[in-house]
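The structure appears right after this line, and notes come after that.
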Amino acid sequence: MARLRVLTVVGARPQFIKAAAVSRALARTGSFRESMVHTGQHFDPDMSDVFFEELDLPPPSHFLGIHGGGHGAMTGRMMEALEPVMLAERPDWVLVYGDTNSTLAGALVAAKRQIPIAHVEAGLRSFNRAMPEEINRVLTDHVSTLLFCPTAAALDNLRREGVTSGLHAVGDVMYDSCLHARARSARSDILCRLGLSEGGYRLATVHRAENTRDASTLAAIVDYLRRQPGPVVLPLHPGTREKAGGWGVDLSGLTVIPPVGYLDMHRLLAGAAQVMTDSGGLQKEAYFHRVPCVTLRGETEWTETIAAGWNRLWRGPDYLPRRDIDEYGDGRAADKVVAALAG
Ligand code: UDP
């Protein structure tokens with residue numbers, strides 16, 4: 001029987017991490033031929049290459065080299081470059097992840113070419129349309145054939161919007177990736193390199209547009225981090241670093257380091273006393289390591305982390321009583337994605 005052709009579209013750091021789990025599961029079956037297109041949205045070695053190396057992802061078959069510019073221009077240029085790739089590859093499925101401009105560009109081109117789309121991490125909502133990611137998610141979900149939901153809330157969100165077919169509750173592929181990396185991350189020497197002790201520091205990341213849109217918003221977050229007792233390690237996204245530098249935001253007192261690879265990140269997570277972040281992925285990874293999280297935003301898509309007492313909003317109420325979260329699955333979400341793609 002001919003193998004099904006899957007064209008995976010990725011471009012940003014969290015997508016390499018999610019796609020790695022599904023790529024491994026696709027390869028295990030022997031029933032698929034996967035090609036990967038990397039849009040170039042994240043292109044620095046420490047935002048891109050390191051994840052391909054550490055997660056055993058084969059190099060992408062197509063690299064579009066598109067980054068920067070406004071959201072419209074970036075998405076448009078990606079669409080223009082993706083169309084000939086899809087025409088040449090003639091995939092049975094276009095596989096997209098999460099909520100970036102690369103996700104939306106892949107989904108729109110496939111929809112216009114009538115190629116079925118599978119969206120991994122479907123149904124998440126912040127209900128904040130000022131977030132570029134929210135627009136990307138809503139539009140991608142509404143043109144997708146298969147929608148892989150990580151949580152019960154995601155399923156409910158889609159049903160409320162009238163999206164009722166092709167829904168699959170599979171759990172979270174990021175948990176699959178976390179389990180895959182956890183043992184290897186124990187060998188990372190990053191705590192030693194940074195002079196940190198187990199449980200003796202906080203870990204922070206800041207990169208969302210809403211937090212980096214002006215000097216006073218970014219300065220308020222940085223002030224909050226600087227007021228925390230003990231070292232705060234801040235692997236700084238290049239976009240945030242550029243803005244902080246340009247605005248003269250004072251980062252002194254924080255342990256500011258370049259973005260870290262996936263294994264170093266899991267080592268930092270495992271030893272942290274608390275995580276403070278505006279990242280979607282890190283909110284859950286904090287829970288996977290059973291480290292409490294403070295989300296540096298006004299809302300979160302991962303509401304179950306708040307309900308289960310492992311997360312709170314920085315200007316919101318205190319932690320609720322703690323319990324485990326079942327819905328992220330057992331580390332085999334990617335196998336469920338692949339089973340649905342096989343039909
Ligand atoms: N991450 C990493 N190194 C870093 C910062 C983040 O490996 O310096 C990982 C993190 O562990 C998570 C993913 O990147 O798996 C999250 O990416 P990001 O915060 O860029 O995006 P989001 O999850 O908010 O979409």
Within region 45-73, restricting to residues that are of a type in the set (A, V, I, L, M) and farther than 26 Å from TRP302 by Cβ, the one that is farthest from the ligand (Cβ to nearest atom) is ALA73
For region 184-195, the count of residues that are assigned to a loop (DSSP other than H, G, I, E, B), farther than 21 Å from LEU55 by Cβ and within 15 Å of the ligand (Cβ to nearest atom) equals 0
Residue hits (region 162-183; within 16 Å of the ligand (Cβ to nearest atom), touching a Leu at 6+ places or on another chain (Cβ under 9 Å) and either in a loop (DSSP other than H, G, I, E, B) or not hydrophobic (A, V, I, L, M, F, W, C) (or both)) are SER177, HIS180
Scanning region 291-309 for residues that are of a type in the set (S, T, N, Q) and either touching a Pro at 6+ places or on another chain (Cβ under 9 Å) or touching a residue at least 60 places away in the same chain (Cβ under 8 Å) (or both), which turns out farthest from THR151 (Cα to Cα)?
THR300
Kindly establish whether ARG213 is of a type in the set (Lys, Arg) and under 22 Å from the mean Cα position of the chain (by Cα).
yes
From the list ASP99, ASP56, exactly one residue is under 19 Å from VAL22 (Cβ atoms), touching a residue at least 40 places away in the same chain (Cβ under 8 Å) and not in a helix (DSSP H, G or I). Which is it?
ASP99
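Quick grid of which residues meet (1) of a type in the set (S, T, N, Q); (2) within 20 Å of the chain's Cα centre (by Cα):
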position	(1), (2)
LEU236	no, yes
MET265	no, yes
SER279	yes, yes
LEU282	no, yes
TRP314	no, no
GLU327	no, yes
Criterion (in contact with a helix residue (DSSP H, G or I) (Cβ under 7 Å, 6 or more places away or on another chain), among the hydroxyl-bearing types (Ser, Thr, Tyr) and either within 28 Å of ILE190 (Cα to Cα) or in a loop (DSSP other than H, G, I, E, B) (or both)) met by exactly one of TYR328, TYR319
TYR328
What number goes with the only condition from (1) hydroxyl-bearing (Ser, Thr, Tyr); (2) within 15 Å of the ligand (Cβ to nearest atom); (3) over 21 Å from PRO150 (Cα atoms) that SER252 does not pass?
(2)
The lone condition TYR175 fails out of (1) of a type outside the set (A, V, I, L, M); (2) under 18 Å from the mean Cα position of the chain (by Cα); (3) modelled with pLDDT of 95 or more; (4) closer than 20 Å to PRO259 by Cα is (4)
Counting just the residues of region 261-274 that are crowded, with 20+ Cβ neighbours inside 10 Å and outside any helix (DSSP H, G or I), which one comes out nearest to the ligand (Cβ to nearest atom)?
GLY261
Within the set of pairs 6 or more residues apart or between chains, which connect a residue that is modelled with pLDDT of 95 or more inside region 218-237 to a residue that is of a type in the set (A, V, I, L, M) and in a strand (DSSP E or B) with Cβ atoms less than 6 Å apart?
LEU225/ALA204; LEU225/VAL232; VAL232/ALA204; VAL233/LEU203; LEU234/ALA204; LEU234/VAL256; PRO235/ILE257; LEU236/VAL256
Condition set outside any helix (DSSP H, G or I) and not aliphatic (A, V, I, L, M), scope region 102-122, selection nearest to GLY280 (Cα to Cα): answer is GLU121
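Residues checked against (1) in contact with a His (Cβ under 6 Å, 6 or more places away or on another chain); (2) of a type outside the set (Lys, Arg); (3) at pLDDT 95 or above; (4) over 24 Å from ASP99 (Cβ atoms):
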position: ALA209; (1), (2), (3), (4): no, yes, no, no
position: ARG241; (1), (2), (3), (4): no, no, yes, no
position: GLY248; (1), (2), (3), (4): no, yes, yes, yes
position: LEU251; (1), (2), (3), (4): no, yes, yes, yes
position: TYR262; (1), (2), (3), (4): no, yes, yes, no
position: LEU269; (1), (2), (3), (4): yes, yes, yes, no
position: MET276; (1), (2), (3), (4): no, yes, yes, no
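The values are calculated or read from the model by the stated rules, or taken from the named source; none is laboratory data. This one's a predicted model, so the numbers in the text were calculated from it and none came from an experiment. Note: ideal-geometry Cβ built from the backbone for every residue, glycine included; neighbour counts use all protein chains shown.
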